[in-house]
Amino acid sequence: MPPPVQIAYRQVDLAAAGVNGYVGFNPHTEYLKKGDKPFGARAVDCDITVEHDVAITVRDGCRLFVDICRPTNPKGPVPAILSYSPFGKKFSGKVFLDESPWLPYHCGVTDDDISGLEKFEGVDPATWCAKDYAVVSVDARGAGDSDGAVVIMGTQEGEDGYDVIETIAKMDWCNGSVGLAGNSHLGIVQWFIAQLNPPSLKAIAPWEACSDLYREQFVRGGIFNMSNFEYITKKIIQGRVGVEDFREMYRRTDNGLMNPYWADKRADMKSIKTPAFITGSEFSSIHTMGSLRGFMELGTEDKWLRWSATQEWYDLWAVKEHNDELVEFFDFFLKGKQNGWREKTPKCRMSLLRFGQQGPIENVVVPDFPLPQTDYRSLYFGPEGKLLDKAPTASGLVSYQTQIATDIASFTYTLDKKTTLCGLPKAVVYMSCDEADDLCVGVQIRKLGPDGKALKHLTIPFERAGIKDPEEAPMSGIVIHTGPQVNAPSVPYHPHEKLEKVPPGTVVKLEIGIFMMGSQYEAGESVRVDIMASNPLIFPDSTDPKGALLPDNKGRHKVHFGREYPSRIILPFAEL
């Protein structure tokens with residue numbers, strides 16, 4: 001049962017014909033022929049039967065509506081893949097990309113890649129039905145014409161998903177096996193459904209999936225930020241009642257601390273027994289730690305991780321090899337096909353980013369994550385902005401003005417040989433502030449070229465963008481990655497159960513976990529650590545530097561170093 005908490009909701013727009021693919025409530029069956037282009041894009045690969053607005057009643061009596069795309073002439077009953085979210089079951093990837101001119105390069109996705117039948121961030125029935133799968137697009141509770149108010153993750157959405165799965169599994173066209181697939185919300189919800197272990201759920205594929213809405217998205221390190229959810233609420237979700245109001249639910253906390261409402265938004269990974277094929281990347285930020293936590297904590301040995309070098313929508317829709325591999329995974333667990341999945345598929349594959357004009361190194365097979373025998377090496381902050389192999393004997397400090405986004409404390413280390421850094425870095429920083437009793441601190445790791453210039457990584461292939469250098473791309477977090485960052489401690493784990501202020505002028509030790517990094521450096525290239533009062537997800541290169549500032553800071557932050565205060569960055573040196 002969901003926690004006994006009075007939940008605040010905010011209004012969303014009513015579903016309106018012509019908006020986000022919505023066409024009005026109209027239960028009927030449609031038949032597509034092989035070669036049809038229902039939305040003027042990719043053709044369907046087989047005859048498809050589409051059942052629109054099918055009602056499924058969940059345990060509390062609410063009706064959720066789904067669209068079912070299934071092969072018209074299968075050899076027998078087929079498994080179902082669920083695309084589960086409140087984003088609108090007819091809100092397709094094509095609609096989103098076509099109506100988002102602010103997205104650089106269409107995220108590398110073309111009309112040859114998707115048909116318009118796919119739910120936003122879900123698999124495409126145009127290709128999957130030809131593989132003898134049904135694809136079920138679910139309007140989650142409160143979305144579109146579904147009853148209730150929209151809930152985001154937690155026990156309620158998990159229970160709804162459980163009931164939908166068990167209903168679908170009993171339909172006469174289904175072989176009784178159901179899988180979950182998709183990016184972002186379609187991935188995150190998989191944790192919350194799978195932790196209840198529905199008997200007909202045979203496999204999940206969360207491709208980029210946050211796992212803790214408090215720590216990983218909305219309240220990183222105790223700093224509240226609506227992240228991308230203002231956009232989602234205003235532009236994507238439509239329904240009759242409303243959606244959970246995260247800003248108000250945070251206001252109702254005791255000084256922003258953990259409570260039963262937010263605790264329910266953290267997935268219980270150890271309870272999940274379902275086989276899982278997980279993907280993640282270091283630049284999706286919201287989803288990075290959830291993907292890793294899932295792989296490390298899932299309560300099953302049947303789990304695989306592929307760490308990606310490309311943006312999640314491009315990865316899902318435009319890379320045929322990735323879809324083919326996903327089909328093999330589901331064939332094994334949903335159809336019982338003896339295709340050697342367990343034997344031939346590496347448990348863990350990483351990508352190493354090289355930044356600049358160099359493309360990434362992908363599919364590096366490693367035995368596990370974290371990588372065994374990683375050399376977690378400390379590089380110490382020192383004078384003249386250097387990172388040193390040993391802590392300097394003399395004490396020192398640098399400071400930055402917290403109201404100036406471009407004022408940053410930086411420390412640099414130049415590599416003398418080819419080096420791979422792959423794993424979870426951590427900063428241990430001794431800091432103080434004379435003017436305030438709290439410090440909001442951002443940390444980012446940058447890669448520098450031999451000329452000392454900070455480099456960027458393009459998250460879609462150069463040929464899809466039509467450029468040769470990331471410097472030619474517009475500064476957008478969707479297609480440009482500047483390096484692993486955090487403005488919150490994600491590793492080590494922080495319970496957020498009590499508030500501890502820092503007396504002004506007191507030097508305090510901060511242990512700051514930094515998001516996953518996988519990078520290869522050549523001799524002469526450098527690693528730089530930036531300490532700042534800006535949100536590193538927005539800064540650098542923000543067009544609104546003041547808007548990038550973290551809240552509640554005052555005066556100057558002092559970064560102390562030396563034998564008494566051994567501030568350092570701990571980096572994961574790996575032999576690959």
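Of note:
- Pairs from 418/447; 235/456; 34/344; 33/235 whose Cα-Cα separation, in the structure shown, is over 21 Å: 235/456; 34/344; 33/235
- Where labels lie 7 Å past Cα in the beta-carbon direction, separation of residue 552 and residue 166 in nm: 4.3 nm
- The value given for the range 375-574 is a Kirkwood hydrodynamic radius of 17.6 Å, derived from the mean inverse Cα-Cα separation.
- Eligible aspartates and glutamates near residue 554 by straight Cα distance, threshold 12 Å, same-chain separation 8 or greater: 434, 435, 437, 438
- Rounded FRET efficiency, nearest 0.05, which uses the C-beta distance separating residue 376 from residue 1 and R0 of 41 Å: 0.45
- Among 451, 212, the ranking by other beta carbons within 10 Å of each residue's beta carbon, starting with the fewest, stands as 451, 212.
- The range 9-266, dipole about Cα centre (Lys/Arg Cβ +1, Asp/Glu Cβ -1), debye to the nearest 20: 240 debye
- Neighbours of residue 501 by Cβ distance under 9 Å: Lys/Arg scored +1, Asp/Glu scored -1, total -3.
- If you take the Cα centroid of the range 379-400 and the Cα centroid of the range 237-287, the two points sit 38 Å apart.
- Beta bridges per DSSP with both ends in the chain, % antiparallel, nearest 5: 75 percent
- When Rg and Dmax are taken over the Cα atoms of the range 9-266, they come to 17.9, 59 Å.
- Look at the dipole of the range 9-266 built from charges on Cβ: of 103, 155, 39, the Cα furthest out on the positive end belongs to 155.
- Projected onto their three principal axes, the Cα atoms of the range 1-110 cover extents of 50, 42, 24 Å, largest first.
- Entry note, the chain: the mean residue ellipticity at 222 nm calculated from DSSP H runs of n ≥ 4, each adding -39500 (n - 2.57), is -4000 deg cm²/dmol after division by the residues and rounding to the nearest 500.
- Stokes-Einstein D for the range 117-175, Kirkwood Rh over Cα pairs, 37 °C, 0.692 mPa s (µm²/s): 253 µm²/s
- Residues 246, 573, 39, sorted so that the one with the fewest Cβ neighbours within 10 Å comes first: 573, 39, 246
- Dipole magnitude (debye, nearest 20) for the chain, charges at Cβ of Lys, Arg, Asp, Glu: 880 debye
- Fraction of antiparallel bridges per DSSP, the range 9-266 only, in percent to nearest 5: 55 percent
- Positive-end residue, the chain charge dipole about Cα centroid, Cβ charges, pick of 191, 78, 549: 549
- Backbone phi angles across the range 202-209, fed through the Karplus curve with coefficients 6.51, -1.76 and 1.60 (θ = phi - 60°), yield HN-Hα couplings of 9, 6, 10, 9, x, 9, 6, 8 Hz in residue order; Gly and Pro are listed as x.
- Given charges at Cβ of Lys, Arg, Asp, Glu: the chain dipole, positive-most of 6, 422, 462: 422
- Label reach from residue 395 (point 7 Å along Cα→C-beta): in the range 412-449, amide nitrogens under 18 Å belong to 429-435.
- Listed from fewest to most Cβ neighbours within 10 Å, the set 519, 526 follows the order 526, 519.
- Charged neighbours of residue 433, selected by a Cβ distance under 15 Å, balance to -2 (K, R count +1; D, E count -1).
Laboratory data are not the source of any read-out in this text; all were calculated from the coordinates shown. It should be emphasised that the depicted structure is a prediction, and the values quoted were computed from it without experimental measurement. No Cβ is skipped: glycine too gets one built from the backbone with ideal geometry, and neighbour counts run over all protein chains shown.
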